[in-house]
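The structure appears right after this line, and notes come after that.
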Amino acid sequence: MPQKKELTGKVAIVTGGASGIGHAVARAVAKEGAKVTIADIDIKSAWKVVDECKKLGGEAIAVKTDVSSSRSVYRMVDDALRQFGTVDILVNVAGVRSAPSVREVSEEEWDRVIAINLKGTFLCCKAVVEHMIAKKYGRIVNFSSGQWFRPVGAAAYAASKGGIISLSKSLATEVAGYGVNVNVVVPGFTDTPMTRSVFPSDEVFQTIVDNPALLGSGIAPLTGRITRPEDIANFVMLLFKPAFDNVTGQTLHINGGSLMW
Ligand SMILES: NC(=O)c1ccc[n+]([C@@H]2O[C@H](COP(=O)([O-])OP(=O)(O)OC[C@H]3O[C@@H](n4cnc5c(N)ncnc54)[C@H](O)[C@@H]3O)[C@@H](O)[C@H]2O)c1
C-alpha cells in the first residue's frame, strides 16, 4: 500500500516561493501532499513553481503579492482561504538583500528593506495567526540570516533579520498555548539567485562552490560544501512533523557549521 504523504490535508502559504529557498520549500511541502499558495511579487516565476508542484502531485496556486503591503497580503490570504479553505502552515521566505553600511545607506533604502523583510514577515504572520489560533493548530517559519548576529556591513539587511528573530519570539510567546509554533530558520551562505547576484559571474561563483574555504572564517561551511536550498527545505519540513510539536520560539541554523550557535 502506498505510504500516506506527511502533509496530506494540510494547507501552506510560502512567501518568496518563486525562487531560491522558497522555491525548494514550496516543492517540499507539495511533494508531501500539502496544498500550497505561492505568494511572490514575481508572479511569472511563481506560476512556473505551481506547475512543478502539480507535477509532484500537489495542488498549488500562485498569488502576486507584495509582502510589504498589508492590502496585498490580506488579499493573498483571502485568495488562499477561498481556494483551500484554511491555512495550517506559513513559511515567510520572501526577502531582499541590501549591501550599504549604516553610514552609506539612504533613508529610502532603509525603509524599503525593513518594509519587505521585517514588516512583510509581520504582516503575513498577522494575516494568518487568528485563523491558526481558532483551529488550535499552526506552524509558522520565519527567515533570518547569519548577518543578524555577525553583520558584514549591510545595515538595513542585518537590522531587518535581527528584527525577525525578536518578532518571532514575541509571537511564539503569545500563541504557544494555542497549538501555534513559531520558529526562525537561519540559512548560512546558500546557493540561490540572491547569493549568485553578489558575484560578478557564474564562473566566479563556481570557484567558491569548488573551494568554499575562500569565503573565510565565519562564512565558509566547515563541511566543505555550500548549503543548497534543498538542505534548508529538508530542515523546515522537520518542523511540520508531529514528533517536533514541542519546538517553538527557536532560532535554528543550517550552515555547514560556519556559525555555531
Ligand atoms: N541565500 C542565502 O545565502 C541566504 C542566507 C541567509 C538568509 N537568507 C534569506 O532567505 C530568504 C530567501 O533567500 P533566497 O536566497 O532564496 O532569495 P531569492 O532572491 O532567490 O528569493 C527571494 C524571493 O522573494 C521574492 N520577493 C522579493 N521581494 C518581495 C516582495 N516585496 N513581496 C513578495 N515577494 C518578494 C522574490 O521575488 C524571490 O522570489 C531571504 O529572506 C533571505 O534573506 C538567504
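Any read-out appearing in this document is the output of simple, stated calculations on the displayed coordinates, not a laboratory observation. Nothing here was measured: the structure is a model prediction, and the numbers come from that model. In this analysis, Cβ positions are derived from the backbone assuming ideal geometry, glycine residues included, and neighbour counts consider all displayed protein chains.
Return yes or no: is LEU238 surrounded by fewer than 13 Cβ atoms within 10 Å (Cβ to Cβ) and under 20 Å from ALA26 (Cβ atoms)? Judged against the criteria, LEU238 is a match.
Can we say VAL67 is over 22 Å from GLY179 (Cα atoms) and either under 16 Å from the mean Cα position of the chain (by Cα) or surrounded by fewer than 21 Cβ atoms within 10 Å (Cβ to Cβ) (or both)? So VAL67 passes the test.
Being of a type in the set (Gly, Ala, Ser) and over 19 Å from HIS253 (Cβ atoms) holds for only one residue in GLY163, GLY177, GLY188, GLY146, and it is GLY177. Is it the case that some residue within region 66-87 is among the β-branched types (Val, Ile, Thr) and over 15 Å from VAL14 (Cβ atoms)? Yes, that holds for at least one residue. Residues in region 1-28 that are in contact with a Phe, Trp or Tyr (Cβ under 8 Å, 6 or more places away or on another chain), more than 19 Å from ASP79 (Cα to Cα), more than 6 Å from the ligand (Cβ to nearest atom) and not acidic (Asp, Glu): LEU7 alone. Only one entry of THR207, THR223, THR192, THR173 meets the criterion of being out of contact with any strand residue (DSSP E or B) (no Cβ under 8 Å at 6 or more places or on another chain) and within 12 Å of the ligand (Cβ to nearest atom), and that entry is THR192. Any idea which residue in region 36-54 is nearest to HIS131 (Cα to Cα), counting only those that are of a type in the set (Asp, Glu) and within 13 Å of the ligand (Cβ to nearest atom)? Restricting to residues being of a type in the set (Asp, Glu) and within 13 Å of the ligand (Cβ to nearest atom), the top hit is ASP40.
If you take the residues in region 55-87 that are without any contact (Cβ under 8 Å) to a residue 24 or more places away in the chain and more than 11 Å from the ligand (Cβ to nearest atom), which one is nearest to VAL29 (Cα to Cα)? So the residue we want is LYS55.
The residue list LEU118, LEU123, LEU90 contains one member that is within 18 Å of TRP148 (Cβ to Cβ) and touching a residue at least 12 places away in the same chain (Cβ under 8 Å), which is LEU118. Screening region 136-148 for residues that are part of a loop (DSSP other than H, G, I, E, B) and within 11 Å of the ligand (Cβ to nearest atom) and picking the one that is farthest from CYS124 (Cα to Cα) gives SER145. Residues that are among the aliphatic types (A, V, I, L, M) and closer than 13 Å to ASP66 by Cβ were ranked within region 111-126; the one that is nearest to the ligand (Cβ to nearest atom) is ILE116.
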